[in-house]
1. What number of residues within region B:18-57 are of a type outside the set (S, T, N, Q) and touching a Lys or Arg at 6+ places or on another chain (Cβ under 8 Å)?
2. With the condition kept exactly as written, say whether any residue in region B:385-397 is farther than 15 Å from B:Lys30 by Cα, without any contact (Cβ under 8 Å) to a residue 40 or more places away in the chain and either within 14 Å of chain A (Cβ to nearest Cβ) or acidic (Asp, Glu) (or both).
3. When region A:89-98 is examined, which residues are found to be in contact (Cβ under 8 Å) with a residue 40 or more places away in the chain, more than 26 Å from the chain's Cα centre (by Cα) and crowded, with 19+ Cβ neighbours inside 10 Å?
4. Looking at A:Ala86, A:Ala145 in this structure, which one is at pLDDT 95 or above and either buried (at least 23 other Cβ atoms within 10 Å of the Cβ) or part of a loop (DSSP other than H, G, I, E, B) (or both)?
5. Looking at region A:131-159, which of the residues that are of a type in the set (D, E, K, R) and out of contact with any strand residue (DSSP E or B) (no Cβ under 9 Å at 6 or more places or on another chain) is farthest from the other protein chains (Cβ to nearest Cβ)?
6. Counting only residues that are under 21 Å from A:Met155 (Cα atoms) and in contact (Cβ under 8 Å) with a residue 40 or more places away in the chain, which one in region B:337-360 is farthest from the other protein chains (Cβ to nearest Cβ)?
7. Pull out all pairs, ordered by first then second residue, where Cβ-Cβ is under 7 Å, the residues are six or more apart or on different chains, the first lies in region A:112-130 and is at the interface with another protein chain (Cβ under 8 Å from one of its Cβ atoms) and within 15 Å of A:Asp150 (Cβ to Cβ), and the second is charged (D, E, K, R) and assigned to a helix (DSSP H, G or I).
8. Pairs only if they're at least six apart or on different chains, beta carbon under 6 angstrom, first in region A:272-288 and assigned by TED's automatic domain parsing to the domain that holds A:Val249 and within 14 Å of A:Ile240 (Cβ to Cβ), second open to solvent by 80 Å² or more (accessible area, probe 1.4 Å) and not hydrophobic (A, V, I, L, M, F, W, C); list them, first residue then second.
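The values are calculated or read from the model by the stated rules, or taken from the named source; none is laboratory data. Because the structure is predicted, anything quoted here is derived from the model rather than measured. Here Cβ is always computed from backbone atoms with ideal geometry, including for glycine, and neighbour counts include all displayed protein chains. What goes into the accessible areas is simple: the full protein's heavy atoms, side chains included, and nothing from ligands, DNA or RNA. Shrake-Rupley method; radii C 1.70, N 1.55, O 1.52, S 1.80 Å.
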Amino acid sequence: MTVEATIEVAGLRKRFGSALALDGMSFTVQPGQVTGFVGPNGAGKSTTMRVILGLDAPDEGDALVGGRPYQSLPHPMRYLGSLLDAGALQPSRSARGHLLWLAYSQGLSAKRVDQVIEEAGLADVARRRAGGFSLGMRQRLGVAAAMLGDPLILMLDEPFNGLDPEGIVWMKGFLRSLARRGRAVLVSSHLMSELEDSADHVVVVGRGKVVADISVAALLAAAADGRVTLRTAAVSEAVIVLDRAGAAVTANGDGTLTVSGLPAERVVMLLSRSEVPFSEVSGHRVTLEQAYLDLTRDAVEFRAEPATEAAP
Amino acid sequence: MSGALLAARHPDPRPGRVSFAQSLRAEWVKFRTVRGWVIAMIVAVLLTVLLGIFAAGNVNIGCQNGPNAPVLTGRACTPRYPIGPGGEAVTDSYYFVRQPMAGNGSITVRVTSLTGLHGGGNEHAAGQNPLAGMSKGVVPWAKAGLILTSSTKPGAAYAAMMVTGGHGVRMEYDYTHDTAGLPGSVTATSARWLRLTRTGDTITGYDSADGRHWNLVGTAQLSGLPATVQAGMFATSPPYTVSTPGVIGTSNQSGPSQATAVFDDVTLRGSWPAGGWAGDNAGSGAASPGTGLGYYRKSGTAVTVSGSGDIAPLVAGPGSAGPTSTFEQPLAGLFIGLIAVMIVGTMFFTVEYRRGLIRTTLAADPRRGRVLAAKAVVAGGVAFVVGLAAAILAISIGLPRQRNQGSYILPVSTLTELRVIVGTAALVALAAVLAVAIGAMLRRSAAAVTAAIVAIVLPFLLAVTVLPASAGAWLLRLTPAAGFAIEQSIPNYVQAPAVFSPAQGNYPLSPWVGFAVLCAWVAAALAGAYILLRRRDA
């Protein structure tokens, strides 16, 4: 059986009592890249992931993994590895015991279990009760479980939670390496900053639907909006020269000016011709977080977001 | 690590769906990797065995064979009971007015009266005469009528037509078989005619209210009857038992009784070579305490026969003939092991809900019915082994201990012993499956454990302790606790004079019917769990 490394979510609607958790959620996860699934708590990220895994039934819409419903996949963990909740462990069962039953359920051997234990760096604690694990160790165990079947698709819900800085760097590198090998990766987070340097694509959601579905490069370019940052000691001369050329100039107060309306090469040429000294001219850089805030500034959905998590 | 997790893209060695064997293996690993559950199973076995043995207590049985004989204790006192043709222990003691009958033939009589005397436990204080201090009244299972037997040895094969004190006309044969004939008591105005006919090994019984219109009551096949049998009139009357309901259970008192019947119109057909009647205590009657109560007297055509004793299967408990116990008695502690098994059975499902692990389970194996089935099979299988180990240990330790103390263990066939042991294991297994299903439905440990115990252990405990026998019997008919019936080795013989109650290990339903009631409950619970699992979000 050939299953493509994609997740397609189309028109999902789901209501929990009076709360509308999903309101027409639609997006696609492509192979070979890390897709960030971003939105505030309660935006419907976890519910969408549960629907993808066939755990929750949507009122409307479909979620397909490689073109098929998850439930119809033979040995599903060999196609899609998932980590929904790192705390979902029987506390008195050892890490190895936890991985062993999962492996057997997929027709995998104990050898594969020992392999992922070794690779997840859990060899020293594999026979200890999982109940005594720190959140970071549980996240590692959860990732090891998701990787048991060496799946084409990996889906992780808030994997950065509880990780120390070293763990966050490791997780980002791990996600990137998966994408490089052609896997499709869907990673949810309520903090855009966590996805800096790892996500290639983001699906931004709020109130149960997609607000933006955009590549990270395009998102950053849109947020930069062609602006140029200029560092100069001769602020007033520079403003006069650039204003005469038709650019809008704002002072940032830290000795830099933001210039919009002119490309960087033209700014350099104008300043050089007028002999205005400057130490730096560069394209304006925004963080993913800033781009996210720009993007969502006008989205009504993000204002007065209900505090309640939509999931039960 | 990041690259290493991906190092080997391994091909699927076993393509296809998650097979049931894989689901089973996964659930088995889940079970065995929680040490607390494994320990609880071992504890369940130990508690069952220990409680079963100590519930029997330390019985000190003493006896003395004669006024100057040494006092014996324990095993030396174990009474000997005759064994009937079916291998069961029997009471076989009656007064017999008989003569040999050669080949085929028949005997017909009219019974014009059945009266009796009985004691209540105080008669020995009245002195040597066993009749002194007794009151008038015929006990319900006093028996008098016609009997045809291979010999007068205890436990011999027989067939009999009789009137009884309170159960109308009956045909009985070989101790365990009993068929009702005409209802009502015998009085001067309402006599009963009885007839027994032999044709080869087939004995046929008839009754009549007028001597002209005869009804067939039943036939008995007594294989291996000798050419010449002993036939004639008999009377016998089992101990009188008074049951007084107490605060907890019932207390019982018993004493000897005597039945006296008057026969006339004796008609013999076939070959009766002796040509006259002889009367004596038959069966084990010669050694029984009612010996002094048997006699016969002829006046004209009427024959009066008096006797004491019984011709019936031996059962345990009050009213029975001695310190007897049953094969399943050492299993009395099973309910406590059952509680442990059911707690683990429910937790097997509920902890997954508590921790959110159920989502991992269903992501690994999205077919929910099969997850339920795999959990049920694993829990049931483990519980079966627990039940089997507990039953084998309890019986192999408990029975020799009781025998050494002087108790008589009522013999049952090997097949029945097997049914009790394997049935006990199956009972524990089904209870575990019920617990799994309840856990799947209720999802919360406390509620599910409570529900599981209320379903099966509580009705059992109430029935065997505080509830009146009739209320207890209804619980043991309707609730999953009906399955306990599979443990009962000696049937509830209507014709045995014992007091049958759940407290004595007697269940209102027969073993397999009770077991079927439990199976029905388990099936219903599994169906409910399946529907809810499919319908609910995980």
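1. Of the residues in region B:18-57, 8 are of a type outside the set (S, T, N, Q) and touching a Lys or Arg at 6+ places or on another chain (Cβ under 8 Å).
2. No.
3. A:Gln90, A:Ala95, A:His98
4. A:Ala145
5. A:Arg138
6. If we take residues in region B:337-360 being under 21 Å from A:Met155 (Cα atoms) and in contact (Cβ under 8 Å) with a residue 40 or more places away in the chain, then B:Ile358 is farthest from the other protein chains (Cβ to nearest Cβ).
7. Once the first residue is at the interface with another protein chain (Cβ under 8 Å from one of its Cβ atoms) and within 15 Å of A:Asp150 (Cβ to Cβ) and sits in region A:112-130, its partners that are charged (D, E, K, R) and assigned to a helix (DSSP H, G or I) give A:Ala120/A:Arg140.
8. A:Val276/A:Glu237
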